[in-house]
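S.K.: I'd like to ask you about the structure that follows.
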Amino acid sequence: MIRSVFALALTAGALLLPSFSYSADTFPNKPIHLVSHSKPGGGMDIILRHLAVPMEKDLGVSVVVEDRPGGSSAVAMTYVATSKNPGYTVAGITNTQFSTSLTNNPPKGIKDLRSVCKLVTDPLVMFVSKNTGYTDVKKLLNDVKSNPGKFSIAASQVGSVEYLIAYDLIQQGYQMTIIPFEAGGELTTSVMGGHVDIGISEPSEVMGQAAAGNINILCTFTGKRLNSLPDVPTAEEAGLKNGLQKVRMIMVPKETPDEIVARLEESCRKAMDDPEFKKFYESNDMVRDFKDAKAADLEKEEIIATMTKALSDLGILKK
């Protein structure tokens with residue numbers, strides 16, 4: 001009788017085990033969902049759709065992209081963090097999720113996710129209208145420092161990585177007025193028209209105007225020079241501290257077993273060498289900066305610390 005009760009208890013206990021207690025030996029055995037916080041056609045959506053192809057070939061199951069926009073990425077983060085299928089519900093992460101987690105305090109945020117890997121650094125560039133005559137970033141920076149408050153700098157909305165980079169320049173002694181913009185096209189047009197002196201934006205939003213001779217790109221906020229702009233120095237080469245970069249990471253629910261994370265990490269690592277995926281990210285000026293789960297988690301904590309300080313200093317961080 002005692003043996004029967006014990007067996008029954010074991011059976012009941014097994015039924016109550018959470019769904020993430022499966023063996024990595026059987027992973028994956030059903031479709032994997034890559035979750036984007038952007039709408040179809042948005043930056044993260046496009047990256048994940050290109051990543052899904054080599055991952056599907058490697059993992060042997062369908063890898064589909066699921067767009068869950070809303071709440072400045074809070075909807076997608078909550079969906080992944082509360083998933084009962086760790087390893088099968090995977091988040092594409094960029095600085096938007098870091099900022100939203102800090103400023104909006106959503107029920108589930110970046111703290112409820114763990115890293116699988118870092119894929120690339122999404123480059124940002126500093127540019128000016130050709131009419132300014134500036135072609136050397138050091139000359140521009142010297143003039144900014146010599147004329148505190150005279151220059152203005154355009155960046156996307158308050159709290160974005162572009163805005164925080166502009167703020168960081170001020171902290172480094174380059175006193176400027178930051179002008180936030182909602183749309184990259186409007187930002188570029190304002191710099192071209194001389195309404196704002198300096199702009200920070202993604203290459204995709206300014207390369208056309210650079211090719212047309214309307215703007216000069218002076219430096220990049222990347223770890224190394226871009227292949228498409230080999231003569232343009234990085235911010236560090238220009239003498240600037242470059243503490244913030246726009247990153248693209250892959251994360252899963254915090255409870256995901258190490259073995260599952262390792263398998264996804266391996267698949268993403270292989271994807272970086274896939275000819276078609278490599279062609280995609282290189283042609284879009286994304287800088288390969290693959291980091292494994294441990295290194296990506298360390299960078300995640302560094303980003304959180306840097307953004308926490310900057311957002312606190314700006315007075316926009318909710319207590």
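S.K.: What's the exposure ranking of ILE93, ILE217, going from fewest to most Cβ atoms within 10 Å?
M.R.: ILE217, ILE93
S.K.: With the crude spin-label approximation of a point 7 Å out along Cα→Cβ, what separation in nm comes out for LYS39 versus ALA212?
M.R.: Label at LYS39, label at ALA212, 2.4 nm between them.
S.K.: Using the Cα gyration tensor of the range 125-220, with a ≥ b ≥ c the square roots of its eigenvalues, what is the shape: rounded (a/c below 1.5), prolate (a/b larger than b/c) or oblate (neither)?
M.R.: Because a/c hits 1.5 or more and a/b fails to exceed b/c, the range 125-220 counts as oblate.
S.K.: So for the pair ASP258, GLU302, with labels modelled 7 Å out along Cα→Cβ, what separation do we get in nm?
M.R.: The answer from the label model is 2.3 nm.
S.K.: Counting only the backbone N, which residues of the range 288-306 are under 19 Å from the spot 7 Å out from the Cα of ASN227 toward its beta-carbon?
M.R.: Taking a point 7 Å out along Cα→Cβ of ASN227, the residues of the range 288-306 whose backbone N falls under 19 Å are 288-291.
S.K.: Determine the relative contact order of the range 125-220: mean sequence separation of Cα pairs under 8 Å and six or more apart, normalised by residue count, in whole percent.
M.R.: Relative contact order here is 46 percent.
S.K.: Additional query: Just to be sure I understand: with springs between alpha-carbon atoms less than 10 Å apart, which residue in GLN209, GLN245, GLN172 has the highest mean-square fluctuation in the Gaussian network model of the chain?
M.R.: The residue with the greatest mean-square fluctuation here is GLN172.
S.K.: Given contacts defined as C-alpha pairs under 8 Å and at least six residues apart, what's the relative contact order of the chain, whole-number percent?
M.R.: Taking the mean separation of contacting Cα pairs over the length of the chain, I get 24 percent.
S.K.: Angle, helix 43-59 long axis vs. longest principal axis of the chain, Cα atoms, 0 to 90°, nearest 10?
M.R.: Long axis of 43-59 versus the principal axis of the chain: about 40 degrees.
S.K.: Quote to one decimal, in nm, the extra length available between ASN29 and LEU314 on full extension: 0.36 nm per residue of separation minus the C-alpha distance between them.
M.R.: Between ASN29 and LEU314, full extension yields 97.9 nm more.
S.K.: Can you put HIS50, HIS195, HIS33 in order, fewest other beta carbons within 10 Å first?
M.R.: If I rank by nearby Cβ atoms, fewest first, I get HIS195, HIS50, HIS33.
S.K.: Out of the range 159-262, which chymotrypsin sites (Phe, Trp or Tyr not before Pro) are coil in DSSP terms and have no more than 16 other C-beta atoms within 10 Å?
M.R.: none
S.K.: Looking at the chain as a GNM with Cα springs under 10 Å, which of VAL35, VAL61, VAL120 has the largest mean-square fluctuation?
M.R.: Highest fluctuation among the options: VAL61.
S.K.: Structure shown: which of LYS270/LYS294; LYS145/LYS246; LYS57/LYS224; LYS150/LYS309 lie over 29 Å apart, alpha-carbon to alpha-carbon?
M.R.: From the list (LYS270/LYS294; LYS145/LYS246; LYS57/LYS224; LYS150/LYS309), the Cα-Cα distance tops 29 Å for LYS57/LYS224.
S.K.: Which one, (i) 31, 52, 14, 3, 0; (ii) 34, 56, 10, 0; (iii) 27, 49, 24, 0, gives P(r) over Cα pairs in 20 Å bins from 0, in percent as derived from the coordinates shown?
M.R.: (i)
No value in this document is a laboratory result; all are computed from the given coordinates. What you are looking at is a predicted structure, and each value in this text was computed from that prediction instead of being measured. For neighbour counting, all protein chains shown are included, and Cβ atoms are generated from backbone atoms with ideal geometry for every residue, glycine included.
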